Each structure stands twice: as C-alpha cells, then as structure tokens.
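Read-outs: derived from the displayed coordinates by stated rules, not from any lab. These figures come from a predicted structure and were not determined experimentally. Cβ placement follows ideal geometry from the backbone for every residue including glycine, while neighbour counts extend to all protein chains displayed.
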Amino acid sequence: MDHETNLKDIVCGRLCRFYRPDKSEPESCHGLAFLIQWSKSYPDLIDLLEKTSRPEPCGYPYTRLLDRILCRHCPFFADGCDFVDARVTGPKVPCGGYLALVSLLHLNLIKEEDLLTAACYANSIN
Ligand code: SF4
C-alpha cells in the first residue's frame, strides 16, 4: 500500500463518518491533505496515526487551534461542512483528519507546538 493510500485508510477509512470509498469527490477536505503534507516532513506520523481512535464527542477541545490551522484552509469551510457552519444546530461531527489531530493531541502523541510548526509547512504547500 502506498503512503497516501495508507494515510487515507487510517484517517478516512477508520475515523471519518462521511467517507464513502465508492464515491470519488472532486475535492477532498483539508484534514487529509494536511496530514499527507505533514507526513512528508515527518514520516513517523503514520505510526502515530495507527494509535489514534475516534474521540468521543465532548465539545471537541482544541477548536480554536484546529479552526486556525485546518478548517480555514479547507475547501469546505465556506460551504459543505456542517461542523463549521454556524447555521447548523445540534450535534456536529468533524472530518476524520480533524478527529485524527484531536486524538493525537488527546493521547499526548503530539503537542500543540508541533501542529503550529507543521502548519507552516503543510499550509504553505496547499
Ligand atoms: S472539519 Fe470540516 S472544515 Fe474542518 S477540515 Fe474537516 S471538512 Fe474541512
């Protein structure tokens, strides 16, 4: 399995509630794209991602950080993601990439500073 397929399998296949392997989307969310770019400069990231699991919905900590480094760079931020759409009420679930980062932070496998450094690299490419 190649590098990107492996990441997609972990991030989308295991963590994302919206992922449909039989449906190809013209655009993919920035959650996966961010992790693909970061893994190019940090190959151990895949091993860390293998340890993640879907966090329990608990208000999703790190919202300000992940909004800044992830969601605002996502093609679905303006339209297409209920999680960041203020007009949508009720329980909302983010994408698999977002959940992967929450899980990595929650398990202390990465620190917030690591994400800020990664964002300088990953978001400058996208
Ligand atoms: S939670 Fe929504 S806006 Fe944020 S990265 Fe995922 S799909 Fe994009």
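Just a few scattered comments:
- Computed from the C-beta positions of C120 and D47 and an R0 of 35 Å, the FRET efficiency is 0.95 to the nearest 0.05.
- Annotation for D67 and D82: the two label points, set 7 Å from Cα along the Cα-Cβ direction, are 2.0 nm apart.
- Along principal axes, Cα extents of region 3-125, largest first, whole Å: 37, 32, 28
- With a simple spin-label model that places each label point 7 Å from the Cα along the Cα-to-Cβ direction, the separation between D9 and Y60 comes to 2.7 nm.
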